[in-house]
Each structure stands twice: as structure tokens, then as C-alpha cells.
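Read-outs: derived from the displayed coordinates by stated rules, not from any lab. None of the values given here were measured: they were computed from a predicted structure. Note that each Cβ is placed from the backbone with ideal geometry, even for glycine, and that neighbours are counted across all protein chains shown.
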Amino acid sequence: MTKPQVRRGNRRVTAVTGVLSGRTRLRTVLRRAVRRKVRSKVTTPLKRRVRREVRSRPLFRCGACGAKYSNPLGHVCAGGGDFGRRRRARQRAGAAAARKAKRAAERQRAGERVAAVRKRERDRADARVLAARQRERRRADARVLKAKTARPRPKPAHDWRNCRDHDCQLPACEAYREGIADAQELDS
């Protein structure tokens with residue numbers, strides 16, 4: 001079964017796909033090739049077609065000025081000015097200043113953090129010292145109040161049985177000594 005053909009100008013195109021048929025396609029390709037060949041012969045001058053000059057490519061590229069050359073002894077550097085060098089120096093200086101400012105800001109923030117920590121520690125220590133002073137003051141006040149309100153202490157009791165002082169003037173001691181002396185007289 002063949003596809004229906006539609007004619008467009010000088011070409012036959014299939015109705016379904018819009019593609020050239022086989023014989024027409026070959027004719028079109030051949031026409032294009034002939035046109036291309038004729039055009040190249042007409043437009044290309046005879047000298048250029050017969051002999052092309054062989055050019056050598058440069059072997060080196062100058063790192064300073066960017067010029068291409070093959071003979072290192074024959075190259076004279078053009079220099080190109082110092083605009084790029086000055087621009088790079090400005091960029092480096094700007095970057096260094098930015099780094100310096102950033103480091104200074106970091107040092108400032110770190111110093112502020114350390115100062116805040118030290119202040120908190122000082123405040124805590126001051127609060128502890130104040131609490132300890134108040135506690136000691138309360139204890140001292142309590143001791144003074146207790147001493148004022150307490151009854152006077154009695155003198156320590158003088159045990160007449162253990163008194164070793166022969167000249168003790170207490171009546172109990174004298175009586176005990178006399179009783180011991182009388183008991184010894186009776187025993188002897």
C-alpha cells in the first residue's frame with residue numbers, strides 16, 4: 001500500500017508525514033552537492049586553491065605580556081603596563097583590610113564574652129561573700145543576745161572530799177578535814 005502523494009511546487013511530499021519521497025530526495029541531495037561545488041569553484045580564487053601557505057603556530061606564550069612567540073631569543077616583552085598589577089595589589093590590600101577588620105571584630109566579641117563571664121563570676125562571688133558575712137553577723141548577734149539573756153553561771157562546785165588544799169577556808173572542807181583527823185585519832 002502506498003502513501004498518498006501531495007505535490008508542493010516541484011517536490012512530491014507524502015501527505016501523512018511531510019517527508020520527501022525516495023527519488024525526489026536523491027535528486028535534491030545531488031542538486032545541493034553540485035551547487036556547493038560550483039559555488040566553491042566560482043568564489044575561491046585560483047592562487048589560494050593552488051598553493052596554500054603553511055603557517056607555523058607559535059610555540060610559547062609570554063607569562064608577563066601574553067604575546068605568542070616561537071623564538072624565545074627574539075621576544076621583547078611589551079610589558080602591558082602595571083594596571084593589572086596595581087588592581088591586584090588593591091584587591092589584596094582590600095582583602096587584607098577586610099580580614100583584619102573581621103579578626104578585630106572577632107577579638108572584640110571574644111573579649112566581650114570573656115568580660116561578661118568574668119562579671120557573672122564576680123557577681124556570684126560577691127553574693128557568696130555577702131551571704132557569708134550576713135550569716136556570721138547573724139550568728140554573732142545571736143551569741144551576744146544569748147549571752148545577755150542567759151542566767152549567770154554558778155561557780156563550779158568545790159568538792160570537799162577531793163580538796164587537797166590544807167589551808168582551804170570553806171566550812172565544808174574544814175569540817176571534813178577535822179572529821180578525818182578525829183577518825184585517825186580514834187583508830188590509833
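Structural remarks
- Distance between the pseudo-spin-label points of residue 151 and residue 183 (7 Å out from Cα toward the beta carbon): 3.3 nm.
- Sorted from longest to shortest, the spans of the Cα atoms of the stretch 85-144 along the three principal axes equal 87, 9, 5 Å.
- Approximate spin-label separation residue 167-residue 92, in nm, with each point projected 7 Å along Cα-to-Cβ: 10.7
- Inter-centroid distance (Cα atoms) of the stretch 79-102 relative to the stretch 112-188, Å: 84
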